1. Can you tell me which lysines have their Cα less than 30 Å from the Cα of residue 193? Leave out same-chain residues fewer than eight positions away.
2. Going by average Cβ density within 10 Å per residue, which order do the peptides 354-364, 249-259 take, highest to lowest?
3. Would you mind telling me which residue in 75, 241, 179 has the biggest mean-square fluctuation in a Gaussian network model of the chain, where springs connect alpha carbons within a distance under 10 angstrom?
4. Can you check what the net charge comes to around residue 84, using other residues whose Cβ is under 11 Å from the Cβ of residue 84 (Lys, Arg +1; Asp, Glu -1)?
5. Which residue fluctuates the most in the chain, going by a Gaussian network model with Cα springs under 10 Å, if the choices are 219, 366, 155?
6. How do the peptides 225-234, 168-177 rank, highest first, by the average count of neighbouring beta carbon atoms within 10 Å per residue?
7. Please work out the Cα center distance from segment 43-62 to segment 242-300, rounded to the nearest Å.
8. At 7 Å along the Cα-to-beta-carbon direction for both residue 383 and residue 24, put a label point, then send me their distance in nm to one decimal.
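What follows draws every value from the coordinates through simple rules; no lab data is involved. On a predicted model such as this, the values are computed, not experimentally measured, just so you know. Quick reminder, even Gly has a Cβ in these numbers, built from the backbone with ideal geometry, and neighbours come from all protein chains shown.
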Amino acid sequence: PGYVFIAPKKIEPEGPLILDNRGRPVWFHPQTLGATDFRVQRYHGRKVLTWWEGHSAFGIGSGHYVIYNSAYRRIAVLRAGNGLAGDEHEFTITARNTALITFYDQRGDTMDSGFQELAIPSGRVLFQWSALAHVPVSESYAQRSGSQPFDYFHINSVALGPDGKYLISGRNTHALYEINRRTGAIVWRLGGKLSDLALGPGTEFNWQHDARWRSRTTISLFDNGANPAVAKQSRALLLRIDLRARQVRLLHAYVHPEDLLSGSQGNVQMLRKGHAFVGWGQNPWFTEFDADGNVVFDGHFAKGADSYRAYRLTWHGRPRTRPAIGVQTIGLGRVMVYASWNGATDVRQWQVLAGSSSVTLKPVRIAARTGFETKVELKSGAKVFAVKALGTSGAEATSKTVQAP
């Protein structure tokens, strides 16, 4: 159950997009700013939509973070603190209603990166961590490139663990780090050149994204295996972590049937009944696997486009805007009425109203909703039309009236 949440880039227009299981739009928010990490989260117990928006260059973002309610109204805007720019890689609302965000900060010829925990909605910095203060440049697998600052660490995810410590991913060090929430000290490294845990067969990862604790003994991550390529395909990994024995064991590796290899981006979401939902980052695909690793849902969008992450989530949208209507004459005495309501998730039917004027409108047809836009063909000589959205509890909202062409 649920909808697919993506934020396609490299197409026009860009913006957060909700899709149903048939790939039909449910809500689209076109915008001139780039958008990443679009998803549903909980804020003070209520479901909200969140995403980063801003400008991105060379895989580093400069922008801010937004929170929208179920009526698609913006209720909060967050910005990184201490004079830093909010980066595109992470925006997580914690159980204590704070925000985890990432930042990048050029220091001479080196690009530092790190994360902040912010109070919502004030944006007050509660905690800040910097890679350069804790991780030597020698841990990096990246190579310097021309005059560009050396992005030796490249943080791309931060999350709270079950014990309250932070778990972060350093793409260019091929490692995950557990961070002490009080001191900022590294508790342990997983992967990379200085791993504190022994990696079992199939558990080695490279250029990874989106590390998350799934239980007290399980971590998921997206193993890009590129860029540059060190593997033939990207994998979504589920790892068993034994901190006492200092060992890591592979629980599951999910790969796409097309052997997709993504040189950037990507994420893993664990669903109910052991299912996993994978966004393939640089490749414009998203896939759901069952507990046995079988593909049960697979979708893709425009070739050449991509979405930083992809999610499957439940959502109930109730827009404050009115439904939209369009009317087209298709022949003598025949019209086509088009009905839509961007973001409304509970519409089941559309009632078409027609009359000689706005005060004489009467119901003339009820049609089942057939997607983002429903077409209803009518034999009518009416001059004015409107549509009314009908949900499971009856009438929801009525469009403005329009004149027949």
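1. Straight-line reach from residue 193, under 30 Å: 165, 232.
2. Packing proxy ranking, top to bottom: 249-259, 354-364.
3. Evaluated over the chain, the most mobile residue of the options is 75.
4. -2
5. Residue with maximal mean-square fluctuation among 219, 366, 155: 366.
6. In descending order of packing, they fall as 168-177, 225-234.
7. Computed from Cα coordinates, the inter-centre distance equals 22 Å.
8. In this crude label model, residue 383 to residue 24 measures out at 3.4 nm.
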